[in-house]
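> Please find one structure pasted underneath; my questions will follow.
No lab work stands behind these numbers, since they all come straight from the coordinates. All values reported here derive from a predicted model rather than from experimental measurement. Cβ atoms come from the backbone with ideal geometry, glycine included; neighbour counts cover every protein chain shown.
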Amino acid sequence: MTVKPDSYYAQLEKELADCRREDEQIQRKTALLTAIIRILRGSITCETEEDVARISLKVAEELTGSAISFIGELNQKGTFDTTTLSEAGWNACSVPREEAVQMLKNMPGHVINLGGLRNNKSWIINDPAAHSEMVKKLSGHPRLTSFLAVPLRYLGGITGIIALANKQGGYTLADQQDVEALSVAFVEALNRRRAEKKINELNAELSHHLLQVEAVNKELEAFSYSVSHDLRAPLRHITGFVELLNERDLSALDDKSRHYLQVISEAARKMGVLIDDLLAFSRMGRAEMMKTRVDLGQLVREIVSDLEQDFHDRNISWEIAPLPVVVGDAAMLRQVLVNLIANALKFTRQQQQARIEIGAISEHPDETLFYVRDNGVGFDMKYVDKLFGLFQRLHDPQEFEGTGVGLANVQRIILRHGGRIWAESSPDSGAVFWFSLPNREEA
């Protein structure tokens with residue numbers, strides 16, 4: 001039998017030790033990854049920030065073999081507030097929990113913690129009683145035999161610490177590295193919970209505001225309908241009596257009196273148009289949408305054909321590009337296009353050669369843009385915010401007739417279809433009105 005030299009066995013022992021070290025490292029990394037997963041997964045169902053902290057502390061205690069732990073955050077004054085103790089930490093206090101809460105909040109400066117924060121790094125104290133920055137504990141405070149604290153970092157700054165205490169034999173650099181990794185998971189879980197809480201609060205606030213807006217809109221629509229409907233009766237009386245007067249012998253009236261009658265008659269006519277528009281605006285807010293597939297190209301051709309009969313004596317150049325089939329309420333979309341095209345005709349009547357362009361742009365997968373462009377009088381963009389407001393007009397009514405309701409109605413229809421509307425212009429340079437409709441394949 002050949003006897004191996006001592007160097008051979010020494011080499012075997014070295015290789016065995018290396019294997020054990022590698023195995024320990026793998027086990028440690030596995031334990032750390034498991035702990036991180038526990039924090040991130042467990043925090044998903046947490047209802048409060050304190051629940052997130054308690055889960056994180058329990059995981060940290062088990063990973064490091066600590067007896068107690070806590071998480072604290074810096075307040076606006078730069079001093080330290082205790083946020084959450086682990087259950088073991090509360091149980092280690094020799095006073096009732098209510099007294100323990102006050103005791104921890106009134107610790108004189110938390111100097112042992114602030115000392116590490118000033119250095120912007122983690123710290124280990126395995127002899128707390130002899131430490132130079134140790135402060136006298138208040139009655140009831142848990143006894144400390146070893147201490148490990150890791151700063152909580154967020155957006156490049158320190159927001160607090162996660163601290164563990166009373167590990168038998170003291171803490172090591174490996175413990176510190178593990179807790180530093182856990183602190184990242186805790187901050188991520190905590191901020192996710194805070195973001196969810198903020199989102200829920202904003203959603204609740206938004207829902208509340210939407211309910212308020214909906215209630216106000218319903219009241220306004222009811223008021224608008226009631227006022228418009230109630231105005232019809234006295235207006236009919238005015239119109240009727242003016243017609244009766246006009247049917248009588250007016251030779252006894254002078255020119256000024258006959259002018260007065262004409263003014264009253266014209267004002268009553270305009271008032272009737274305004275009431276009709278106001279009623280249409282009110283009905284549009286309550287009308288149920290009947291969505292179908294609408295061929296906008298065919299719809300535009302029909303509208304232009306109808307309108308051209310009233311403008312046969314004008315020189316109008318039409319440029320109508322191919323338009324797609326969309327999903328929407330056909331009657332409402334007809335009203336949109338009638339209003340926009342009629343406006344283009346109205347505001348180009350001072351042009352010897354009116355030019356009106358109608359087209360669509362499909363560059364975005366979620367929506368299609370439509371436009372009606374003219375070379376009319378245009379408007380100043382500093383007043384664009386008023387353009388779609390009810391009863392808002394940007395031109396002299398003596399020059400261009402209208403009630404200021406049409407574009408408000410157009411906007412309401414487009415918004416109900418899930419689209420948006422806007423305009424671009426400058427004085428004497430024409431205008432272009434844009435609106436969008438969402439792309440949907442099914443009605």
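> Pairs 218/386; 256/346; 346/382; 197/291: which exceed 29 Å Cα-Cα?
Beyond 29 Å: 256/346; 197/291.
> Sticking with this one: Check which residues have an amide H placed less than 5 Å from residue 368's amide H, if you skip close sequence neighbours.
Here 437, 439 satisfy the definition.
> Now, a different point. Can you give the extra length, in nm with one decimal, that the chain gains between residue 91 and residue 145 once fully stretched, where that is 0.36 nm per residue apart less the Cα-Cα distance?
On the way: separation 54, 0.36 × 54 = 19.44 nm, distance 1.64 nm.
Value of the extension gain: 17.8 nm.
> In whole Hz, with x marking every Gly and Pro, tabulate ³J(HN,Hα) for the stretch 33-47 from phi via Karplus 6.51 cos²θ - 1.76 cosθ + 1.60, θ = phi - 60°.
4, 4, 5, 4, 4, 4, 5, 5, 6, x, 6, 4, 8, 5, 8
> Amide H to amide H under 5 Å from residue 147: which residues, 5+ apart in sequence or cross-chain, H placed 1.01 Å off N in plane?
Excluding prolines and chain starts, which carry no amide H, the hits are 125, 126, 166, 171.
> Order these by the 10 Å Cβ neighbour count, fewest first: 374, 51.
Result, fewest neighbours first: 51, 374.
> Moving on. Please give the contour-minus-distance gain from residue 426 to residue 247: 0.36 nm per residue of separation, less the Cα-Cα distance, rounded to one decimal in nm. Before the final figure, lay out the partial values.
On the way: separation 179, 0.36 × 179 = 64.44 nm, distance 4.76 nm.
Difference between extended and current length: 59.7 nm.
> Determine, for 429, 265, 69, the number of other Cβ atoms within 10 Å of each Cβ, and report the residues in order from fewest to most. Please report the intermediate quantities before stating the final value.
Values: 429 12, 265 16, 69 27.
Listing 429, 265, 69 from fewest to most nearby Cβ atoms yields 429, 265, 69.
> What is the ratio of the Cα radius of gyration of the stretch 289-443 to 2.2 N^0.38 Å, where N is its residue count, to two decimals? Write down the numbers at each step before the final one.
On the way: Rg = 15.1 Å, N = 155, 2.2 N^0.38 = 15.0 Å.
Expressed relative to 2.2 N^0.38 Å, the Cα Rg reads 1.01.
> For the stretch 289-443, what relative contact order do you get, as a whole percent, if you take Cα pairs closer than 8 Å and at least 6 residues apart? Kindly include the intermediate steps, with their values, before the conclusion.
On the way: 276 pairs, mean separation 38.5, N = 155.
Once normalised by length, the contact order is 25 percent.
> In which sequence would 332, 290 go, from the one with the fewest C-beta neighbours within 10 Å to the one with the most?
Working: 332 21, 290 11.
Taking fewest neighbouring Cβ atoms as first place, the list is 290, 332.
> Next up: By how many nm would the segment from residue 154 to residue 325 grow when fully extended, if each residue of separation counts as 0.36 nm and the alpha-carbon distance is taken off? Could you put the intermediate results ahead of the total?
Values: separation 171, 0.36 × 171 = 61.56 nm, distance 5.10 nm.
Gain on extension, residue 154 to residue 325, equals 56.5 nm.
> Here's a follow-up. Starting from the 7 Å offset along Cα-to-Cβ, what nm value, one decimal, do you get for the label separation of residue 200 and residue 48?
Simple spin-label model gives 1.2 nm for this pair.
> Once amide H atoms are placed 1.01 Å from N in the peptide plane, what residues at a sequence separation of 5 or more from residue 355, or on another chain, have their amide H within under 5 Å of its amide H?
Distant-sequence amide H within range of residue 355: 317, 375.
> Here's something else I'd like to know. How large is ³J(HN,Hα) for each residue in the stretch 184-198, as worked out from phi by the Karplus curve 6.51 cos²θ - 1.76 cosθ + 1.60 (θ = phi - 60°), to whole Hz, x for Gly and Pro?
My calculation for the stretch 184-198 gives 5, 5, 5, 4, 4, 5, 5, 5, 5, 5, 5, 5, 4, 4, 5 Hz in order.
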